[in-house]
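A quick write-up on the structure given underneath.
The values are calculated or read from the model by the stated rules, or taken from the named source; none is laboratory data. Everything numeric here is computed off the predicted structure, so don't read it as measured data. Glycine gets a Cβ as well: all are built from the backbone with ideal geometry, and neighbour counts include every protein chain shown.
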Amino acid sequence: MLEITNLNVHFGVIHAIKGISLTVNEGEIVTLIGANGAGKTTTLRTISGLKKPTSGTITFEGNDITNLDARQRVKIGISQVPEGRRVFSTMTVLENLELGAYLRRDKAGINKDYQMVFERFPILADRKKQMAGTLSGGEQQMLAMGRALMSRPKLLFLDEPSMGLAPLLVQEIFDIIKDINDKGTTILLVEQNASMALQIADRAYVMETGKITLSGTGKELIQSEEIKKAYLGG
Amino acid sequence: MKKSINGSTLKKFITLALTFAIVQVLVSTNIINDYIFSTLATICINIILATSLNLITGFTGQFSLGHAGFMSIGAYTCAIITLRNPTMLGFVIGALAGAMLAAFIGFFVGLPTLRLKGDYLAIATLGMSEIIRILFINLDSVTNGAAGLSGIPQFINWGWLFVFTAGTIILLNNFIKSSYGRACISLREDEIAAESMGINSTKYKVIAFVTGAFFAGIAGAVYSSYYYFLEPNLFNFQKSIDILVIVVLGGLGSLSGSVIAAILLALISTYLQSFPELRMVIYAILLIVIMLFRPQGIMGSKELSLTVFKKWTRGLRDKKNGGVA
């Protein structure tokens, strides 16, 4: 579904992403793990069109999307939950969701998707009219996910969904991610919480200083001595 | 649902019509004399300037320091056209032409600078308004240079003031409530998140900026026709700051805040004219005190609406009833 080949990204003179290649197949949960500053978020931003790569190609469903801008990528079905949630804090929950469906014009479908989001996150239905900035961290994460789902993505990126959440909530968020995937959305998950991510992932890539150093199925990597040492505290 | 919307539109319409009628009666019975009327004109012009700058700075989050520049384009264009064609039609055409030209210049300054992230717009607009001012000083043949244009035909009466001011507020309010407005606010809130929702950030920033410039041009036209005298130095950097002060004082992201602040500041400065030596000192101290106690501005980002009053009075009533029962 998504294929990245030999991607290079620079910030000025800093070579942040050094020729990485990765694939996400339809229906999978693929996770990208690694330490701070490894280039995970930059990779996601490049795929969603917020950052321009210096070289390399990105194809989505067989089409080259390297030169499309962020807007066009949302249109063809790529959506993201950005790092740190980034909800629109002085807008209500409902307005946030409305903006998630910004590029859609099918009123009936949008209304149906509000219901879908409210069913998945009942707490958001209770807080429909509340300012997003007054929600708790977990609720904001749910709102950010609901907002991303409003564009009806085929491929959903999640950037550090567990950041700053209580362990109990982290479990809940991961259950929801699994559920979203079961209902047919392909997921690319960037996480620092490697053990949680590897448990739900079909396949995983490990990133270090701008390169992919290891890849395999989630189960394989969870067993790997190297990973245990570096990321799982074992 | 539809009925209640119509009801509230009707209420708004009645409020507007009443405001117009009451002031009109006061003007024709000369209770509002020329002196008070000049304060009224200042208030209206400042409302147009502040609400339109609020769209750029308060709602879309783009820091602009060039509002006086756009205002001067509107003022000079309208003045030059009405001087050649001193009719009501000439004035209306002049005002629209001035506003369009301001919007056009806004587009050319905005398009390259708004693509960049960060406060480049503030510097670019500051530079632009200075360039415009210097141009007006040096274009002797058209603008009469530093001596200024005088004897501009006066067409502004309460009717026109009301039409332009209420029109600006209504149009801006509708813009902000539309999906365009929501896109602009989302850019202020979080540009990266907005872009990842598929919102074209440059496009909406430019739309907000050009719209703001258009209404600044209208304000300039009203100014030139009311005060019948223009000189380039009226539109210096200080003027842009004055408008910004109204916006920040009223609350970034609140149209009603801008309106309230424009009225309040005009009243204060009119009142303080009786103490010319201390005027600026008191004015400055007042600003400092207000900002100390309400750093978010008078209204914050909230709007004043009739429903707020209703809730408030209902709250009081409930309390009373609760006490009795």
>> Condition (residue is within 20 Å of B:THR60 (Cα to Cα) and without any contact (Cβ under 8 Å) to a residue 60 or more places away in the chain) applied to the stretch A:107-126: is it met by at least one residue?
In response: no
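Could you tell me which of the residues A:ILE212, A:ILE187, A:ILE200 is in contact with a Lys or Arg (Cβ under 6 Å, 6 or more places away or on another chain) and either within 24 Å of A:GLU3 (Cα to Cα) or modelled with pLDDT of 85 or more (or both)? Step through it out loud before you land on a result.
Working: A:ILE212 fails: in contact with a Lys or Arg (Cβ under 6 Å, 6 or more places away or on another chain); A:ILE187 fails: in contact with a Lys or Arg (Cβ under 6 Å, 6 or more places away or on another chain).
After applying the criteria, what remains is A:ILE200.
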>> Conditions first: (1) more than 11 Å from the chain's Cα centre (by Cα); (2) under 13 Å from B:LEU55 (Cα atoms); (3) away from chain A (no Cβ under 14 Å). B:SER240 passes all but one, so which condition is the exception?
In response: (2)
> How many residues, within the stretch B:205-221, are surrounded by fewer than 22 Cβ atoms within 10 Å (Cβ to Cβ) and of a type in the set (Phe, Trp, Tyr)?
Replying inline: 0
>> Need the failing condition index for B:ILE192 against (1) among the aliphatic types (A, V, I, L, M); (2) without any contact (Cβ under 8 Å) to a residue 24 or more places away in the chain; (3) surrounded by 24 or more Cβ atoms within 10 Å (Cβ to Cβ), just the number.
In response: (3)
>> I'm trying to understand the selection: among the residues of the stretch B:244-285, which are farther than 26 Å from B:THR165 by Cα and outside any loop (DSSP other than H, G, I, E, B)?
In response: B:SER274, B:ARG279, B:MET280, B:VAL281, B:ILE282, B:ALA284, B:ILE285
>> Name the single residue that is farthest from the other protein chains (Cβ to nearest Cβ) among those in the stretch A:166-183 being more than 30 Å from A:GLY62 (Cα to Cα) and aliphatic (A, V, I, L, M).
In response: A:LEU168
> Assuming A:LEU97 fulfils every condition listed in (1) in a helix (DSSP H, G or I); (2) within 14 Å of chain B (Cβ to nearest Cβ); (3) surrounded by fewer than 20 Cβ atoms within 10 Å (Cβ to Cβ) apart from one, which condition is it?
Replying inline: (3)
> Could you list, in sequence order, the residues of the stretch A:71-89 that are in contact with a helix residue (DSSP H, G or I) (Cβ under 8 Å, 6 or more places away or on another chain) and surrounded by fewer than 16 Cβ atoms within 10 Å (Cβ to Cβ)?
Replying inline: A:SER89
>> Go through the stretch A:69-93 and report how many residues are more than 8 Å from chain B (Cβ to nearest Cβ) and aliphatic (A, V, I, L, M).
In response: 4
> Is it the case that B:VAL142 is among the aliphatic types (A, V, I, L, M) and free of Cβ contacts under 8 Å to residues at least 60 places away in the same chain?
Replying inline: no
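Can you confirm whether A:VAL30 is of a type in the set (A, V, I, L, M, F, W, C) and more than 14 Å from chain B (Cβ to nearest Cβ)?
Working: of a type in the set (A, V, I, L, M, F, W, C): yes; more than 14 Å from chain B (Cβ to nearest Cβ): yes.
For A:VAL30, the condition - of a type in the set (A, V, I, L, M, F, W, C) and more than 14 Å from chain B (Cβ to nearest Cβ) - is met.
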>> So B:TYR180 passes all but one of these: (1) over 26 Å from B:ASP34 (Cα atoms); (2) free of Cβ contacts under 8 Å to residues at least 24 places away in the same chain; (3) surrounded by fewer than 17 Cβ atoms within 10 Å (Cβ to Cβ). Which condition number does it fail?
In response: (2)
> Of all residues in the stretch B:170-225, which are of a type outside the set (Ser, Thr, Tyr), in a helix (DSSP H, G or I) and within 10 Å of chain A (Cβ to nearest Cβ)?
Replying inline: B:ARG182, B:ALA183, B:ILE185, B:LEU187, B:ARG188, B:GLU189, B:GLU191, B:ILE192, B:ALA193, B:ALA194, B:GLU195, B:LYS203
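Is it the case that B:LYS117 is within 14 Å of another protein chain (Cβ to nearest Cβ) and outside any helix (DSSP H, G or I)? Let's see the steps before the verdict.
Numbers: within 14 Å of another protein chain (Cβ to nearest Cβ): yes; outside any helix (DSSP H, G or I): yes.
Against the criterion (within 14 Å of another protein chain (Cβ to nearest Cβ) and outside any helix (DSSP H, G or I)), B:LYS117 qualifies.
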> If A:THR66 passes every condition in (1) assigned to a loop (DSSP other than H, G, I, E, B); (2) within 14 Å of chain B (Cβ to nearest Cβ); (3) in contact with a strand residue (DSSP E or B) (Cβ under 6 Å, 6 or more places away or on another chain) but one, which one does it miss?
Replying inline: (2)
>> Can you report the number of residues in the stretch B:51-64 which are surrounded by fewer than 24 Cβ atoms within 10 Å (Cβ to Cβ) and more than 17 Å from B:ALA194 (Cβ to Cβ)?
In response: 1
> Which condition does B:GLY145 not pass, out of (1) surrounded by fewer than 15 Cβ atoms within 10 Å (Cβ to Cβ); (2) at pLDDT below 90, if it passes all the others?
Replying inline: (1)
> Going by the conditions given, is A:SER136 out of contact with any Pro (no Cβ under 6 Å at 6 or more places or on another chain), touching a residue at least 12 places away in the same chain (Cβ under 8 Å) and among the hydroxyl-bearing types (Ser, Thr, Tyr)?
Replying inline: no
